[in-house]
Every structure is written in structure tokens, then in C-alpha cells.
Amino acid sequence: MGADNRQLLRTVGRAAAITGAVGVAGLTYASVIERNWFRLRRYELPLLPPGSPRLRILHLSDAHLTPGRKMLIDWIRGLEAYEPDLVVNTGDSLAHPDAVGPFIDALGPLLDRPGAFVYGSNDLFSPQLKNPARYLWRTSKTDYNKRRVPDLPWRDLGAAMSASGWLDLNNHKGALKAGELDIALAGVHDSHIKLDRYEKVAGPADPAAHLRVGVLHSPEPSNLDRFEADGYQLLLAGHTHGGQLCLPFYGTLVTNCGIDRRRAWGLNEYGDAWLHVSGGLGTSPYAPVRFCCRPEASLLDIVAGP
């Protein structure tokens, strides 16, 4: 072998070693550091009638909890310190048959506050090993075509939250009193598993309420359009994980639903309403990584308009 060929092999070897080291470092960061680097996002929206007191809404979503995630459980419990007036959980709380107790323990004193919830598909069906690259060309909705019988204790989850007075908004309307304010709410079950029935909540939102809130797990535009047309001012959703794996300076690669990438997480205008999509707190245990997309909950300060 000539000197030039030996030099080429050494160069290729060094490049491969560097690439491998970068890959291992990136995977370690995404699975160990960023996945557990929780943050609280904060927003302010002037949606209340003039002279109204502030309303603080804590939006939780996509915990995908397994019993051993003590850091996540403790972090959620710590959110009580922010003294929210209303807590809304937009689903996918579970990722294990034994996770109901730990999730209710994580909510802890938050359950003593007014609250509401909807389910996500993963509250009913346990996570499965799959190739995550498939999300680049299709959503996971078709994965449920052959899964007819739920294998997670979603009824126990709902019963525990309902027993604390939280509203079950799965294809239901309801109303809550938060401090001095009357809140009108409506929600749908998860469209990802074709259980949404908007017709059961259709019709104008209560115009006498101080705030009108639409709640759903997956931010499908067909349902968002209906909520907005019925006069709901604030729409809360989850499901997307903010993309979970994002690229610097580009952002979300996939949304796993019909919403566009630009609105895969965060607060955006949606017609005459505001849409907040939570980036979520967890991941599937089969894809325990996040990159450029830290796990999150959100605190929305709703204040009086001009």
C-alpha cells in the first residue's frame, strides 16, 4: 500500500471516529440531559373583560409517565408553587399500566385547584416500539387501526381526576369558577384515534362567561376551526411534543398531525382565537430523547383587555 493510500485510510478513520464520538455525545445529551431539563414557559394574553382580575392557567400535557421517572414527578409537584387558578391537562399522561398512581401523586396539591382534562391516545393504548423515521412521511394515526381494545387504565386515571372535581371534557362541555371568574369550557376526545365527536359540544360558547376555552389533545385544524367559529377565545392542545427532535435555526421537523410546523408548539393566533400547543413533558419510553426541544409546561397569565 502506498503512502498516499495509508494517509487516506488514516484520514477516513479519524473522520469516522470523530463522527461516532459526536453521535454518542449527541445521543447522551438528548436522552440524559435535555429529556430531564424541564422548563416552565410563561405567556400573557389580554382576553378578559376590562376590570377583571388576572387568571393564571397552568397547561400540562404529554407526561407519558412511567413509575420510575422521579425527576419528572417531583418537577410537576413543584408547579403548585406558582399558584395557578386553573389547571388544564391535554392528555397522554400515561405510558405504563402502573402509572396512574404516580401521575396523581405528581399532580398532588394541583388537584385541589379547579381543573379540566381530555385524554390522548396514549392514555388508552400502551406505547409500542416503532421506527421514529416513519413520522417524516406519515402520522402515527394508522398505527391504531388494528388496536381496538385499550390496554392502559384510562378509566382509573379519569376517575381520579374527576374525584378531585376536575372536569372531564372528552366530548363534553362544562363550566368552572376560578376565583371570581366564570370559565366556559368544551373539549373533544383524541382525533388521533378517531374518538373526537365535536357535534356533541357544537354551538356558540357561553357569551356571559369571562373566558371561553376549547380543549383537545391533538391540534387538528378541523376541530380547531370549529372551536374558533363557536367563539372559544383560547384553544389548548398538546400531542406534538413540539416536534421532539428539532433542528437549530429550522425548528420542528414533524407535527404528527394536521397542524403546520410553525404552530407545532407555543402560542399563536388562530383566526379570532389564540392557540397554545404545549411541547409536552415526556416522551415514549421507546424514544426517550429530545433535541432542541426541552420538555415543558406553560403558565398563561390571562389579563383584562383594554
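The values are calculated or read from the model by the stated rules, or taken from the named source; none is laboratory data. Predicted, not measured: the structure shown is a model, and the values here were computed from it. Every residue, glycine among them, receives a Cβ derived from its backbone with ideal geometry; neighbour counts consider all protein chains shown. SASA here: full protein model, heavy atoms, side chains in, ligands and nucleic acids out. Shrake-Rupley method; radii C 1.70, N 1.55, O 1.52, S 1.80 Å.
Worth a mention:
- If the condition is being assigned to a loop (DSSP other than H, G, I, E, B) and open to solvent by 40 Å² or more (accessible area, probe 1.4 Å), then the range 269-292 contributes G271, D272, P285, Y286, P288, C292.
- The range 198-237 - residue that is surrounded by 16 or more Cβ atoms within 10 Å (Cβ to Cβ), in contact with a Ser or Thr (Cβ under 9 Å, 6 or more places away or on another chain) and of a type in the set (S, T, N, Q) and, of those, nearest to A273 (Cα to Cα): N223
- Residue pairs meeting the criteria (Cβ under 8 Å; at least 6 apart or on separate chains; first without any contact (Cβ under 8 Å) to a residue 60 or more places away in the chain, in the range 64-89; second in a strand (DSSP E or B) and open to solvent by less than 10 Å² (accessible area, probe 1.4 Å)): I73/L65
- Qualifying residue in the range 244-256 (condition: open to solvent by less than 40 Å² (accessible area, probe 1.4 Å) and under 27 Å from I183 (Cα atoms)): no
- Some residue of the range 91-109 being at negative phi, at pLDDT below 95 and not charged (D, E, K, R): no
- Qualifying residue in the range 132-147 (condition: surrounded by 16 or more Cβ atoms within 10 Å (Cβ to Cβ) and at pLDDT 95 or above): no
- Selection within the range 156-173 - closer than 15 Å to D190 by Cβ and not in a loop (DSSP other than H, G, I, E, B): L157, G158, D168, H172
- Search result, residues across the range 171-192 that are crowded, with 23+ Cβ neighbours inside 10 Å and closer than 27 Å to P102 by Cβ: L185, G187, V188, H189, D190, H192
- Taking the range 53-68 as the range and being buried (at least 23 other Cβ atoms within 10 Å of the Cβ), of a type outside the set (D, E) and in a loop (DSSP other than H, G, I, E, B) as the test, the residues that pass are S61, A63, H64.
- If you go through the range 22-52 and keep only what is open to solvent by 60 Å² or more (accessible area, probe 1.4 Å) and modelled with pLDDT under 50, you end up with V22, V24.
- Taking every residue in the range 248-268 that is in a loop (DSSP other than H, G, I, E, B) and pairing it with any residue that is surrounded by fewer than 21 Cβ atoms within 10 Å (Cβ to Cβ) and among the aromatic types (F, W, Y), at least 6 positions away or on another chain, the pairs with Cβ-Cβ distances below 6 Å are V254/Y135; N256/Y135.
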